[in-house]
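Just below is one structure, and these are the notes that go with it.
The values are calculated or read from the model by the stated rules, or taken from the named source; none is laboratory data. These figures come from a predicted structure and were not determined experimentally. Virtual Cβ from ideal backbone geometry, glycine too; neighbours counted across all protein chains shown. What goes into the accessible areas is simple: the full protein's heavy atoms, side chains included, and nothing from ligands, DNA or RNA. Shrake-Rupley method; radii C 1.70, N 1.55, O 1.52, S 1.80 Å.
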Amino acid sequence: MKYIMFEDFSGAPVPIIFPKRIDFAELREQIPYTKVLSAGYVHLAGSGFACHGESESLEAQARPEDAGIISAKLSNPDL
């Protein structure tokens, strides 16, 4: 799966996870948040999520903290 981490209007990180067949730029066009924090690929690995890679079209790459943010948001969507 792919993901883009956006900054929402309050400054909080918001991950959006989507299938590999959708281009990063295509999804980006649909989202109203102005700032992309990171982008790459995410998969479930053993004890949690792992993020890696980059989006050349968005000029963004996976960050070490992304896996923890995705895990926290999926564990508690109200965050």
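Observations on the structure shown:
- Matching residues in the stretch 36-54 - criterion: being open to solvent by 60 Å² or more (accessible area, probe 1.4 Å), more than 11 Å from Tyr3 (Cβ to Cβ) and either touching a Leu at 6+ places or on another chain (Cβ under 8 Å) or not hydroxyl-bearing (Ser, Thr, Tyr) (or both): Leu44, Gly46, Glu54
- Here Ile69 does not qualify as closer than 15 Å to Ile17 by Cα and either modelled with pLDDT under 95 or out of contact with any Pro (no Cβ under 9 Å at 6 or more places or on another chain) (or both).
- Selection from the stretch 1-18 of residues that are touching a residue at least 40 places away in the same chain (Cβ under 8 Å) and open to solvent by 50 Å² or more (accessible area, probe 1.4 Å): Met1, Ile17
- Condition met for Arg21 (open to solvent by 40 Å² or more (accessible area, probe 1.4 Å) and without any contact (Cβ under 8 Å) to a residue 24 or more places away in the chain): yes
- Residues located in the stretch 55-79, provided they are in contact with a helix residue (DSSP H, G or I) (Cβ under 9 Å, 6 or more places away or on another chain) and open to solvent by 70 Å² or more (accessible area, probe 1.4 Å): Glu56, Ser57, Leu79
- Counting only residues that are out of contact with any strand residue (DSSP E or B) (no Cβ under 9 Å at 6 or more places or on another chain) and among the acidic types (Asp, Glu), the stretch 45-73 holds 1 of them.
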